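Read-outs throughout are calculated quantities, based only on the coordinates presented, and are distinct from any laboratory measurement. In this text, all values refer to a predicted model and were calculated from it rather than measured experimentally. Cβ placement follows ideal geometry from the backbone for every residue including glycine, while neighbour counts extend to all protein chains displayed.
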Amino acid sequence: MIALLLRDLRLAVRAGGGFGLGLVFFLIVTVLVPFGVGPQTDLLSRIAPGVLWVGALLACLLSLDRILALDWEDGSLDLLATAPLPMEGIVSVKALAHWITTGLPLVFIAPMLGVLLSLPLEGYVWVLVSLLLGTPALSVIGTFGAALTVGLKRGGLLMSLLVLPLYVPTLIFGAEVARRGADGLAVATPLAMLAGISFGVMALLPFASAAVLRINLR
Amino acid sequence: MASIWEYANPVKFVRTADRVLPWLSGLSLTALVVGLVWGFFFTPDDYRQGATVKIIYLHVPAALMAINAWLMMLVTSLIWIVRRHHVSALAARAAAPVGALFTVIALVTGAIWGQPMWGTWWAWDPRLTSFLILFLFYLGYMALWGAIENDDTAADLTSILCLVGSVFAILSRYAVNFWNQGLHQGASVMRAGALAGDTAERVSNVYAVPLFICMAGFALLFLALVLLRTQTEIRARRMRALLMRERMA
């Protein structure tokens, strides 16, 4: 499993551009928002947590089809399937690799982008915490979507359609933590819910993803 | 009449559906005509809502069936996963567009009702939002069915999507509840209006009786449409198989 993780990480970093793309996309989305809604500082600081969350979610979505599609094309997914590693383990490692290469950088860049949106001072730590808790769920749910559409030509658009509704609960609780944190309110309840969703998804969804992948590899 | 599993045989299913369909459609038509005409023309106007209250006869049954259609898809998907009866998978596929249509009807009539009552076509009220999310789930489900060429693979993948989607739909339902209360309290005034219409207990009998007839009509209509669409799909598949055999020979 560690070998697979290292391989995925190395591929993501070395093979062509995909690594930084999500970050750049996140940056551009965040920069575009003030152009869209106007430069008033109070408005921006009010919507900043939500914008950061939606931006991170979209940046995450952008790189989802790279999780499995490349391995599907060159046949290494078939090799992995016949390896002694259970399929559940494979999809979990894939999700973890996606999180390390996409989710984790997003988490750390988000506070810097918060400056652009004049995020209130109390908000920084909660944006960081909520993204840190929430992005793994995004990766795991995204792996499920990627597994569903892996065999399809032009599966990318379909995958967004399938994955975005599944992102709703995570987004709601994650953005709620960030927003309440920025407003200086108590964050315990949404934080607990976000953690619950995140860990629940991590524990259960790999089974669904593995089942789906087995069907697709049949 | 041994068991319900006999109807997993496509031939038996098609034959029975042929026999039942005229009755079902007739009954549904009767119930809808009686319920809607009674509801629209023979009930008094509400003292506060006026004539707009009569949208209830389309709105509530459509919403009811929109949720039940997803529930039916969930059950048939489970049957497909467990017992691999093709009719079951096809029934799930047949129910999806009908359910999506009912969702749209519920959303649109809700908007038309909301405009005079709440003064807005749309509010990010928990009920409204979760229905919109349900609609998105329907769209994704249908898109996945359409995108995969192999029938069995498509049935497998969509049934798993239906199971996972159900869990997430319920999660979203409660998440949305939480989100709205945390966001804008002002919406609770609007919610009271929605609740008075949405819970049948609070509707007086003058309105309730035609409402129940309409609900029965919508349910029967749903059944008839699903049976018809399943039957059509079975026949289409058989035709495809026959054509293939012809080409092979």
(message) Using each residue's phi in region B:217-226, evaluate 6.51 cos²θ - 1.76 cosθ + 1.60 at θ = phi - 60° and report the 3J(HN,Hα) Karplus result to the nearest Hz, with x for Gly and Pro.
(response) x, 5, 4, 5, 4, 4, 4, 4, 5, 5
(request) Just the Kirkwood number for the protein assembly as shown, please: inverse of mean 1/r across all distinct Cα pairs, in Å, one decimal. (result) 24.5
(request) Give me the angle, in degrees from 0 to 90, between the Cα long axis of helix A:155-183 and the longest principal axis of the Cα atoms of chain A, rounded to the nearest 10. (result) 40
(message) In whole Hz and in residue order, list the ³J(HN,Hα) couplings for region A:103-111 that follow from phi through the Karplus curve 6.51 cos²θ - 1.76 cosθ + 1.60, θ = phi - 60°; x for Gly and Pro.
(response) x, 5, x, 4, 4, 7, 7, 4, x
(request) Compute the whole-percent fraction of alpha carbon pairs in region B:19-248 spaced more than 32 Å apart. (result) 29
(request) Among A:GLY181, A:PRO34, A:GLY151, flag the residue with its Cα farthest along the positive direction of the charge dipole of chain A, charges on Cβ as +1 for Lys/Arg and -1 for Asp/Glu. (result) A:GLY151
(message) Helix B:151-183 against the longest principal axis of chain B: what's the angle in degrees, Cα atoms only, rounded to the nearest 10?
(response) 10
(request) Please give the average number of partner chain Cβ atoms lying within 10 Å of the Cβ of each residue in A:155-162, rounded to a whole number. (result) 5
(message) Can you give the log10 of the normalised intensity I(q)/I(0) at q = 0.09, 0.11, 0.18 Å⁻¹, computed with Debye over equal Cα scatterers of chain A?
(response) -0.36, -0.52, -1.23
(message) Let me confirm one metric for peptide A:143-150, namely the mean number of other chain beta-carbon atoms within 10 Å of its residues' beta-carbons.
(response) 3
(message) What three numbers, in Å, describe the spread of the alpha carbons of region A:89-215 along their principal axes, ordered from the longest?
(response) 48, 28, 23
(message) For the protein assembly as shown, what does the helix formula give at 222 nm: sum of -39500 (n - 2.57) over DSSP H segments with n ≥ 4, over the residue count, nearest 500 deg cm²/dmol?
(response) -28500 deg cm²/dmol
(message) With angles folded into 0 to 90 degrees, how steeply does helix A:2-14 sit against the dominant principal axis of chain A? Use alpha carbons for both and round to 10.
(response) 60
(request) With only alpha-carbon atoms counted, please give the Rg and Dmax of region A:132-186, in Å. (result) 14.2, 47
(message) Assuming 0.36 nm per residue, please report the length gained on full extension of the stretch B:VAL34 to B:ALA143 beyond their Cα-Cα distance.
(response) 35.6 nm
(request) For a quick protection proxy, order the peptides B:121-132, B:214-225, A:74-85 by their average other-Cβ count within 10 Å, most packed first. (result) B:214-225, B:121-132, A:74-85
(message) How long are the semi-axes of the equivalent ellipsoid of region B:27-107, defined as square roots of 5 times the Cα gyration tensor eigenvalues? Whole Å, largest first.
(response) 34, 13, 8
